[in-house]
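Have a look at the structure below before the remarks.
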Amino acid sequence: MAEPKKRTNSSKQGMRRMHDHTKQANIVYCESCHEPKEAHKVCYSCGNFDKKPVLEMKKEK
Ligand SMILES: [Zn+2]
């Protein structure tokens, strides 16, 4: 197997790994039920997107 000629220093290692982490989701409040949800995604508490029903929600008893 190929061997690296030089050891990667911690600075370069950090530069490489700065792209590895995931960004925190952009949280907005649903316009229909005012629950927090991810931006540009369907609200999972009321099933609406852009004030229109998209998901068929289970009826709570
Ligand atoms: Zn909602």
Within region 27-41, track down each residue that is of a type outside the set (Val, Ile, Thr) and more than 8 Å from the ligand (Cβ to nearest atom). Tyr29, Pro36, Glu38, Ala39, His40, Lys41
Among (1) within 22 Å of the chain's Cα centre (by Cα); (2) more than 14 Å from the ligand (Cβ to nearest atom), Leu55 falls short only on (2)
Which of the residues belonging to region 1-34 are in contact with a strand residue (DSSP E or B) (Cβ under 7 Å, 6 or more places away or on another chain) and assigned to a loop (DSSP other than H, G, I, E, B)? Ala25, Asn26, Cys30, Ser32
Limited to region 26-61, what total is found for residues that are small (Gly, Ala, Ser) and exposed (fewer than 11 other Cβ atoms within 10 Å of the Cβ)? 1
Given the structure, is Thr8 exposed (fewer than 12 other Cβ atoms within 10 Å of the Cβ), touching a helix residue (DSSP H, G or I) at 6+ places or on another chain (Cβ under 9 Å) and without any contact (Cβ under 8 Å) to a residue 24 or more places away in the chain? yes
Every residue in region 7-42 that is touching an Asp or Glu at 6+ places or on another chain (Cβ under 9 Å) and of a type in the set (Asp, Glu), please. Glu31
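Computed from the coordinates by the stated procedures, all read-outs in this text should not be read as laboratory data. Predicted model, so just to flag it, every value in this text is computed and none were measured. Counting neighbours? That spans all protein chains shown, and the Cβs are built from the backbone with ideal geometry, glycine included.
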